[in-house]
Amino acid sequence: MAHTERRRHIGRLLLIGTVVLTQAPRCARSSACSTTAWRWCRSPLTVTDATGNYVTGLDAGNFTVLENGVAQPVAFFASGSVPIDVTLVLDTSSSMVADMPLVRTAASGLIQSLRPGDRGAVLGVTKSVSLLEAFTSDHEALERAVGAVPAKGSTAVATASTSR
């Protein structure tokens, strides 16, 4: 792939986990200006190609940081995996009695795909929303919450989604 074509390709990538350090621009003293010589600009990114596959092996040279249209030097660049938070929202109404084994299996599969450091929470929805397990990185606790939830009561998803 030609250099120009590669840059264009990288420019089309979805940029959503990196940290960059840029030198602070010279500016008049104001509350908007940093009083230090360096300012951190943390920019979490996920880079995917046109088919949705993750792009790895990138370095600072693959990115351009612009401030008011002016390129800023990237003095620090780090790449790595970051933890995620996932909330499982389960319809726990009586209409789900027959499907709860499938729901539990699907929820368990998602929990098992979490990495160390990833957190999850479990909510049950009937006429209202119930917190079955608060955010935790204890994946076994999430599995226990999903396994113990009964299917009972009526469903009012629209009401439950706006209730407190």
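Quick check on the stretch 115-126: of everything there that is assigned to a strand (DSSP E or B) and among the β-branched types (V, I, T), which residue is farthest from P150 (Cα to Cα)? Steps first, please.
Here is the first cut: in the stretch 115-126, the residues assigned to a strand (DSSP E or B) are 119-125.
Going one step further and asking which of them are among the β-branched types (V, I, T), we end up with 122, 125.
On the way: V122: 13, V125: 11 Å.
Result: V122.
When you check A145 against the structure, is it surrounded by 14 or more Cβ atoms within 10 Å (Cβ to Cβ) and in contact with a strand residue (DSSP E or B) (Cβ under 9 Å, 6 or more places away or on another chain), yes or no? Judged against the criteria, A145 is a match. Taken over the stretch 83-114, the criterion of being exposed (fewer than 11 other Cβ atoms within 10 Å of the Cβ) and assigned to a loop (DSSP other than H, G, I, E, B) is satisfied by A98 alone. So, in the stretch 130-155, of the ones that are of a type in the set (V, I, T) and more than 23 Å from the chain's Cα centre (by Cα), which residue ends up farthest from P101 (Cα to Cα)? Out of the qualifying residues, it is T155.
Out of curiosity, is I10 at pLDDT 70 or above and either farther than 22 Å from G117 by Cβ or loosely packed, with under 15 Cβ neighbours inside 10 Å (or both)? Considered against the rule, which asks whether it is at pLDDT 70 or above and either farther than 22 Å from G117 by Cβ or loosely packed, with under 15 Cβ neighbours inside 10 Å (or both), I10 comes out as no.
When the residues of the stretch 59-77 are filtered to those that are assigned to a loop (DSSP other than H, G, I, E, B) and out of contact with any Phe, Trp or Tyr (no Cβ under 9 Å at 6 or more places or on another chain), which remaining residue is surrounded by the most Cβ atoms within 10 Å (Cβ to Cβ)? Working first, answer last.
Applying the first criterion (assigned to a loop (DSSP other than H, G, I, E, B)) to the stretch 59-77 yields 59, 63-64, 68-69, 73-76.
Okay, now just the ones that are also out of contact with any Phe, Trp or Tyr (no Cβ under 9 Å at 6 or more places or on another chain), so 64, 68-69, 73.
Working: T64: 12, N68: 6, G69: 5, P73: 10.
Only one residue tops the list, namely T64.
Does M100 satisfy the criteria of being among the hydrophobic types (A, V, I, L, M, F, W, C), modelled with pLDDT of 90 or more and touching a strand residue (DSSP E or B) at 6+ places or on another chain (Cβ under 9 Å)? Outline the logic, then answer.
Values: among the hydrophobic types (A, V, I, L, M, F, W, C): yes; modelled with pLDDT of 90 or more: yes; touching a strand residue (DSSP E or B) at 6+ places or on another chain (Cβ under 9 Å): yes.
Considered against the rule, which asks whether it is among the hydrophobic types (A, V, I, L, M, F, W, C), modelled with pLDDT of 90 or more and touching a strand residue (DSSP E or B) at 6+ places or on another chain (Cβ under 9 Å), M100 comes out as yes.
The values are calculated or read from the model by the stated rules, or taken from the named source; none is laboratory data. Since the structure is predicted, the reported quantities are computational estimates derived from the model, not experimental observations. For neighbour counting, all protein chains shown are included, and Cβ atoms are generated from backbone atoms with ideal geometry for every residue, glycine included.
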